[in-house]
Amino acid sequence: MIALAAPFIISAVAKLRDPAGAAAEMARMGLHPARVTAMAVVVVQLTGSALLFVPGLDWVGAGVLAAFTAAATLLAHRWWLGDPAQVMPFWEHVALCGGLLLVAVLSARGA
């Protein structure tokens with residue numbers, strides 16, 4: 001679970017350390033109000049990560065992080081708009097979503 005939570009925790013801490021940079025990142029993606037959106041992202045990242053470590057709620061955390069990652073990937077890594085540098089980050093995030101969904105399903109089933 002640590003490996004799945006780490007990218008979200010690191011991202012959240014980075015946003016908390018540089019709120020202006022986090023807001024600028026949200027604004028570049030067209031998300032407004034940018035500061036509020038950035039802090040909402042931090043809340044989702046930290047809450048979802050924490051839930052991964054709560055027995056019985058780990059599937060909720062994995063599901064929340066999978067949904068968040070899917071949405072963020074579609075917003076931030078739009079390689080189909082002509083930026084070939086976004087192809088690999090897009091597919092890496094798709095793989096992360098797959099791993100999170102696998103955890104969510106297996107945890108919900110009690111496996």
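Brief remarks follow.
- Length-normalised contact order for the chain - Cα pairs under 8 Å, 6+ apart - percent: 23
- Kyte-Doolittle at least 1.6, axis length at least 27 Å by Cα - qualifying DSSP helices, the chain: 87-108
- Charge tally in the Cβ shell below 14 Å around residue 77, where Lys, Arg are +1 and Asp, Glu are -1, residue 77 excluded: -1
- Sites residue 18 and residue 43, calculated FRET efficiency, Cβ-Cβ separation with R0 25 Å, nearest 0.05: 0.90
- Here the simple spin-label model places points 7 Å from the Cα toward Cβ, and for residue 95 and residue 36 these points are separated by 3.7 nm.
- Relative to the current alpha-carbon distance between residue 71 and residue 6, full extension at 0.36 nm per residue lengthens the span by 21.5 nm.
- The stretch 2-108 shape via C-alpha gyration tensor axes, a/c threshold 1.5: oblate
Every read-out reported here was derived from the displayed coordinates using simple, explicitly stated rules and does not represent laboratory data. All figures in this text were calculated on a predicted structure; none of them were measured in a lab. Positions of Cβ are generated from backbone atoms using ideal geometry, with glycine treated the same way; all protein chains shown enter the neighbour counts.
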